[in-house]
Amino acid sequence: MTANPTGTGPDDGSVKVTIDGKEVDARPGEWLIKVAQDHGVFIPRFCWHERMKPVGMCRMCLVEVEGQKGLPPACTTPVADGMVVNTQADHVAKAQDAVLEFLLINHPLDCPVCDRGGECPLQDQTLAFGPGESRFVEEKRHFEKPIPISDTVLLDRERCIQCGRCTRFAAEIAGDPLIDFGERSGEMQVITYPDEPFTSYFSGNTVQICPVGALTATPYRFKARPWDLATSETSCTTCSVGCRGALQSSSNRLVRLLGVDSEPVNQGWLCDKGRFGYEHVHSPNRLNRPMVRRGGALVEASWPEALDAAAEGLRRARDDHGPGSVALLGGARGTNEDAYVWARFAKGVLRTDHVDAQLGDGLPPEVVLGVPRATIPDCDRAAAIVLLAPDLKEELPVLFLRVRRAAEELGVPLVDVAARDHGLTRHAGVVIRHAPGGAGDVRDEIVDKVRDLVSGREGPVVVVLGRPSLAEPPDATVHAAAALAGLPDVRFLSALRRGNVHGALDLGLTPGFLPGRVTLEAGG
Ligand code: SF4
Ligand code: SF4
Ligand code: FES
């Protein structure tokens, strides 16, 4: 039996497992810790993370499995039919208590001044599973604190419990193995390499998954206590991936964005651009009240004054020069409802079709709206993924993580069609290069290679489709996409840059269309 590294593998039957006297169904090879969690039994853990491979480093998840010697870690134990597990026995509790006592030997317990205090797995699990007091009276280890390991991440080494979540995330998920463990025993610590800071586009995820306050985010450090935070679940609008997040504020200021695990979108991860990009909201340079131009200068105005001035200007332009003299830009960072209102206002009230949400860096709307669509999870089960898009690591970073995982971990073949190498090139089995703007010239080669590659494989062909760069005209990409559209079960995953640009196009904020992907012609 092969253990399933993430507990999310194919469903090929089920097994019966008894956990604390309750019989449950599970997929063969699923990790015991996950099966227990899915059935309401929390086994304490520090190093295990649902989205990463287990390593069994912290020993916090020890349980009893009937017929097995000792107490195996639940995070590296695959379930098998007939397995009987006890997570509550006295000797299990004693082992968990002992692991916590060891972990706390060197932990500073500076909870009152630790950003993690109040939302700390070490605090919570010590309360639930740990000793009431320590027998350790010797000097704890001390380090200079904190040390910056990047512009946004600070490390307090003495708080680290060596769970390896951060180092594993960097290597396994982000593909940026820029942090590792150095030294041994009580001196063991997370290190960066000489002259190489932790310059990962995804560094903030390590702060979020660190189970103690060893890694903290520079923008959030000492800004709030967890119990003072107000939280709203939302989507990041920085790019069109639309990662799920929890936006938190304290004293009426945004202080933190945390990733929320959404299987169809971001699986819990955020890129640093999205995670730390909220600070502009409180910029003193931000326009936060209406201004109208009077006598050549912008002056503050009330909303009725500003709306009257806008209406007057629009009316004058339309009456003097016709409706086509007015253009309306924007909407790609708004909601679908915003885009709908803008489109109705432009096309129904002003009577102009000069609208745009892509701001000149996208693809023709009839292509984006007309091709069969793929979803992000389609990448996981694709026969092949074809990249005909901008550099995902730069433009749509969390989609880069998903495609990288599909290629690296799930074995989905990757076809890289671009003018130059980029973040995913080293994961591609087929690399097709063309001159900038020349994707159309290699379309026959692309189709032939993809056809060969997917022969005998199940699943759709997912084409990640977007304009590679502003310098490359959209026509070349469209020609290549049109050739691929002839392959069986091909679906296109839009890689347009701006957040919710797809929603804006769907709702008619583009020339030639009305809301609902209805063409102007068809809509009368
Ligand atoms: S810094 Fe945090 S995530 Fe990294 S090994 Fe230490 S405790 Fe684990
Ligand atoms: S990938 Fe895009 S949507 Fe996701 S966190 Fe980054 S900027 Fe935001
Ligand atoms: S959670 Fe199982 S060993 Fe750490």
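The numbers here are math on the coordinates, done by the rules we state, and not lab data. Keep in mind that what you see is a predicted model, and the values were worked out from it rather than measured. Note that each Cβ is placed from the backbone with ideal geometry, even for glycine, and that neighbours are counted across all protein chains shown.
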Q: Between the alpha-carbon centers of region 34-73 and region 458-502, tell me the distance in whole angstrom.
A: 42
Q.
Please list, in order along region 412-417, the HN-Hα scalar couplings obtained from phi with the Karplus expression 6.51 cos²θ - 1.76 cosθ + 1.60 (θ = phi - 60°), rounded to whole Hz, x for Gly and Pro.
A. 7, x, 10, 10, 9, 10
Q. Any idea what angle helix 474-484 forms with the longest principal axis of the chain, computed on alpha-carbon atoms, 0 to 90 degrees, nearest 10?
A. 60
Q. Whose amide H sits under 5 Å from the amide H of Thr218, counting only residues 5 or more places off or on another chain, with H placed in the peptide plane?
A. Val153, Leu154
Q: Return the percentage of antiparallel bridges among DSSP beta bridges fully within the chain, rounded to the nearest 5 %.
A: 60
Q. Where does the charge balance sit around Gly117 when Lys and Arg score +1, Asp and Glu -1, over other residues with C-beta under 14 Å from its C-beta?
A. -1
**Q.** region 365-497 - charge dipole about Cα centre, Lys and Arg +1 at Cβ, Asp and Glu -1, debye rounded to 20
**A.** 260
Q | Residue (of Val79, Ile446, Leu399) at the positive-pole extreme of the chain, dipole from beta-carbon charges | A | Leu399
Q) Net charge near Val63, counting Lys/Arg +1 and Asp/Glu -1 over other residues with Cβ under 12 Å of its Cβ? A) -1
Q) For the chain, what is the charge dipole size about the Cα centre, in debye to the nearest 20, if Lys and Arg each add +1 at the Cβ and Asp and Glu each add -1 at the Cβ? A) 860
**Q.** Percentage relative contact order, region 229-282, counting C-alpha pairs under 8 Å, at least six apart
**A.** 29
Q: Over the alpha-carbon set of region 365-497, divide Rg by the Kirkwood Rh and report the Rg/Rh ratio to two decimals.
A: 0.91
Q) Relative to the longest principal axis of the chain, what angle (0 to 90°, nearest 10) does the C-alpha long axis of helix 443-454 take? A) 30
**Q.** Mean separation of Cα contacts under 8 Å, 6 or more apart, over the residue count of the chain: relative contact order %
**A.** 10
Q | Out-of-range pairs (alpha-carbon distance over 27 Å; input Lys16/Lys53; Lys140/Lys273; Lys34/Lys94; Lys94/Lys223; Lys34/Lys223) | A | Lys140/Lys273; Lys94/Lys223; Lys34/Lys223
Q. Across the chain, how large is the tail of the calculated P(r) beyond 35 Å, expressed as a percent of all Cα pairs?
A. 48
**Q.** Unit charges at the beta carbon, dipole of region 167-325: most positive-side option, Pro290, Gly277, Ser200
**A.** Pro290
Q: Count charges around Gln267 for me, please; just the other residues with Cβ under 11 Å from its Cβ, Lys/Arg as +1, Asp/Glu as -1.
A: 0
Q. Looking at the chain, which longest stretch skips every one of the GluC sites (Glu not before Pro) that is in a DSSP loop with at most 14 other Cβ atoms within 10 Å, leaving the sites themselves out?
A. 184-408
Q) What is region 103-217's relative contact order, in percent, from Cα pairs under 8 angstrom and six or more apart in sequence? A) 31
Q.
As I understand it, the dipole of region 103-217 uses +1 on the Cβ of Lys and Arg and -1 on the Cβ of Asp and Glu, about the Cα centre. Which of Ala170, Ser134, Leu109 lies farthest toward its positive end?
A. Ser134
